[in-house]
Amino acid sequence: MESHQTLSIELGKLLLKHQHILTTAESCTGGGVATAVTDIAGSSAWFDRAFVTYSNEAKMEMLAVQASSLASYGAVSEVVVIEMVQGALNHANATIAVSISGIAGPAGGSDDKPVGTVCFAFADKKGWQKVSTQYFMGDRAKVRSQAVEYALKTLCEYLGESS
């Protein structure tokens, strides 16, 4: 498992190289991706802002997530993270974004969405989009840490392929 610091340093270099500015829209990670990237000195050159939208109300107010999407699919759904990532791009001075919503546990899971279910959406202003649902094992801290790592790695992979 790569450290968040190592991944954040790599991500910062790639964002600078491609002249991208990052924003995040996080729910279950509580700003973990934003913390990881802003722990790196100089991150103000490639990071704009974070939206920590833990409640459904915050998702609607800050990111323009539709109430109908939340009612039909739930906060932990690919439909909602797509709306979150687009809302983040629309409400930030950024060119690339990640959104995350999941069930970190220990409670809150169901048969359809067990604890450890985390949905991600990634997008940039050039039209790239990736949506993924991952299933992580472990306690709350481990699920959250794995979600942050997955987000950082996915952004690095995309930007690395764009070289």
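Among what's in region 1-34 and is among the β-branched types (Val, Ile, Thr), in contact (Cβ under 8 Å) with a residue 12 or more places away in the chain and in a helix (DSSP H, G or I), pick the residue that is surrounded by the fewest Cβ atoms within 10 Å (Cβ to Cβ). Step by step, filter region 1-34, then rank; the result is ILE9.
Let's see how each residue does on (1) free of Cβ contacts under 8 Å to residues at least 24 places away in the same chain; (2) more than 25 Å from TYR135 (Cβ to Cβ); (3) of a type in the set (Ser, Thr, Tyr); (4) in contact with a strand residue (DSSP E or B) (Cβ under 8 Å, 6 or more places away or on another chain):
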{"residue": "ALA50", "(1), (2), (3), (4)": "no, no, no, yes"}
{"residue": "ALA64", "(1), (2), (3), (4)": "no, yes, no, no"}
{"residue": "SER69", "(1), (2), (3), (4)": "yes, no, yes, no"}
{"residue": "VAL76", "(1), (2), (3), (4)": "no, no, no, yes"}
{"residue": "VAL79", "(1), (2), (3), (4)": "yes, no, no, no"}
{"residue": "ILE82", "(1), (2), (3), (4)": "no, no, no, yes"}
{"residue": "ASN93", "(1), (2), (3), (4)": "no, yes, no, yes"}
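Confirm whether SER44 is small (Gly, Ala, Ser), more than 23 Å from GLY116 (Cβ to Cβ), surrounded by fewer than 18 Cβ atoms within 10 Å (Cβ to Cβ) and without any contact (Cβ under 8 Å) to a residue 40 or more places away in the chain. Break it down into steps so the answer makes sense when it comes.
Working: small (Gly, Ala, Ser): yes; more than 23 Å from GLY116 (Cβ to Cβ): yes; surrounded by fewer than 18 Cβ atoms within 10 Å (Cβ to Cβ): yes; without any contact (Cβ under 8 Å) to a residue 40 or more places away in the chain: yes.
In short, yes.
For the condition part of a helix (DSSP H, G or I) and within 26 Å of ILE9 (Cβ to Cβ), VAL143 qualifies. The criterion of being in contact with a helix residue (DSSP H, G or I) (Cβ under 9 Å, 6 or more places away or on another chain), over 19 Å from LEU22 (Cα atoms), hydrophobic (A, V, I, L, M, F, W, C) and not in a helix (DSSP H, G or I) does not hold for VAL131.
Since every read-out is calculated from the coordinates, none of them should be taken as a lab result. Predicted model, so just to flag it, every value in this text is computed and none were measured. We place every Cβ from the backbone using ideal geometry, glycine too, and count neighbours over all the protein chains shown.
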